[in-house]
1. I need the trypsin sites (Lys or Arg not before Pro) found in the stretch 165-257, filtered to DSSP loop residues with at most 15 other beta carbons within 10 Å of theirs.
2. Going by a ≥ b ≥ c, the root eigenvalues of the Cα gyration tensor, does the stretch 390-443 fall in the rounded group (a/c under 1.5), the prolate group (a/b larger than b/c) or the oblate group?
3. Apply the Karplus parameterisation 6.51 cos²θ - 1.76 cosθ + 1.60, with θ equal to phi minus 60°, to every residue of the stretch 55-60 and state each ³J(HN,Hα) to the nearest whole Hz, in sequence, with x for glycine and proline.
4. Across the stretch 337-428, how many lysine pairs separated by 8 or more positions, or lying on different chains, have Cα atoms within less than 21 Å?
5. How big is the dipole moment of the stretch 175-307 about its Cα centre under a simple scheme where the beta carbon of each Lys and Arg is +1, that of each Asp and Glu is -1, and everything else is neutral? Debye, nearest 20, please.
6. Karplus couplings for the stretch 308-319 from phi (6.51 cos²θ - 1.76 cosθ + 1.60, θ = phi - 60°), rounded to Hz, Gly and Pro as x?
7. Picking from THR254, THR88, THR105, which is most flexible by a Gaussian network model of the chain using Cα springs under 10 Å?
8. Normalising by the residue count of the stretch 362-441, find the relative contact order in percent from Cα pairs under 8 Å and 6+ residues apart.
Amino acid sequence: MKITTFYISLFLVLATSTYSQKINQPKLDSLFAALEQNNKAMGSLTIVKNDEVLYARSIGYRFISDKEKIATSAQTKYRVGSISKMVTATMIFQLIDEGKLTLETTLHKYLPDMPNAKLITIGNMLNHRSGLHNFTSRADYEAWSLIPKTQKEMLGIIAQGGADFMPDAKTEYSNSNYYVLGYLIEKITKQSYAKNLKERISSKIGLLNTEVGTKTDVQKNESYSYEFTSNKWILKIETDITITGGAGCVISTTSDLCQFIEALFHLQLVLKNSLDKMQTAIDGCGMGMFPLVLENKKCWGHSGKLDGFSSVLVYFPEDSVAIACCSNADMTSKNYMFNGALRIFYGLDYIVPDFKLVNVSKEILKSYVGVYSAKSFPLKIAITTDSTILFAQATGQPSFPLETVTEYQFKYDPANVKIHFNGEKKELVLSQNGGVYLFKKEE
């Protein structure tokens, strides 16, 4: 449930382009076929414009056992992780629209025992400026994350975590904010989060497959998550949904997610002033959503990661386009699925990966490990390895895998990135969309 900044990192810079109704469906199909055939992804993606589905594809399986495999479909429900925060924020703003809350309401009114409760406001929690320590960052989190907990126990854990800074001093992502906001929804309405979700969102706009999750049930079209290890898919652990609360308890389909974000931006769920507030960003963080600028285009949305699930939901207001991608494979597949599909959809240069394996010795890979910086590039790049492949990570961005071309040439097709190492000079050259940057390894 920790933040996974949009899978479109700074490296993915869209060239100036205009949306066209003509979509290269064969190329999109070839991308998903390559991912599925090479065990690089499992999951679903849906692209919608003004309620019309422009493209939808599901690959892989939602359940795998020695005796049975159940394929994913458009109806497959995934744990969407932190996209739940956008849902929680929407219901909080509904309460604000109804006059039951304000952005200035302090936490002390409902949870006086929380750290800095008299100073923390609803607005502070919505834009991650409360200072409440992130409970998923606790050293013992994994030890108890699989065990059901009561709401009282979770609130006690959050209170025990204390505050990392004074309210409104800075922006720092914390799941604790949205667990507390989920509790406030229940406290104010005197109804469960699940019932609020059903009445305020799902039933209101006709979402048939969006609800609070429970223990995964394949008979209800729900998906387990997996990782590809030793040439087969291995079942991942399952965080107990009581741990996640309003920060990550929602399950949904990609179709429902697109319908939700369209309804939100079409003012079917909140008033215009509330939607404007949700899109007021401080330090790159809005209230329940994040802004993402792709060259001449801006989209808003949220990503999520929980156990082996990864998801991303964005909306391009200029084009009235919603895109949702959910993966139940714990690997870098979401980068290929979402970023690759996005580039193809917008008609940008993109080569569908062939996933041919090129073996490079552990020693050579290790020699490239380090932090690289360039005078002409604003961020540093950290290169790491798991002894089989290299990973790159720009400052403040998620890491992504580098596909091996030769022992000194690597690439990341979803962002059209190519990296050439010169081990003797301790340099790397990064090229992307016509730009070429020389980085030197820091000592």
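Please treat every number below as a calculation from the coordinates, not as lab data. Everything quoted here is computed from the prediction, not taken from an experiment. Every residue, glycine among them, receives a Cβ derived from its backbone with ideal geometry; neighbour counts consider all protein chains shown.
1. LYS170, LYS190, LYS215
2. On the way: a/c = 1.36, a/b = 1.21, b/c = 1.13.
Taking the square roots of the gyration eigenvalues as a ≥ b ≥ c, the stretch 390-443 is rounded.
3. 7, 8, 8, 10, 9, x
4. Number of lysine pairs found: 21.
5. 320 debye
6. For the stretch 308-319, the Karplus curve yields x, 8, 9, 8, 8, 9, 9, 9, 9, x, 4, 9 Hz.
7. THR105
8. Values: 156 pairs, mean separation 18.9, N = 80.
Worked out over the stretch 362-441, it gives 24 percent.
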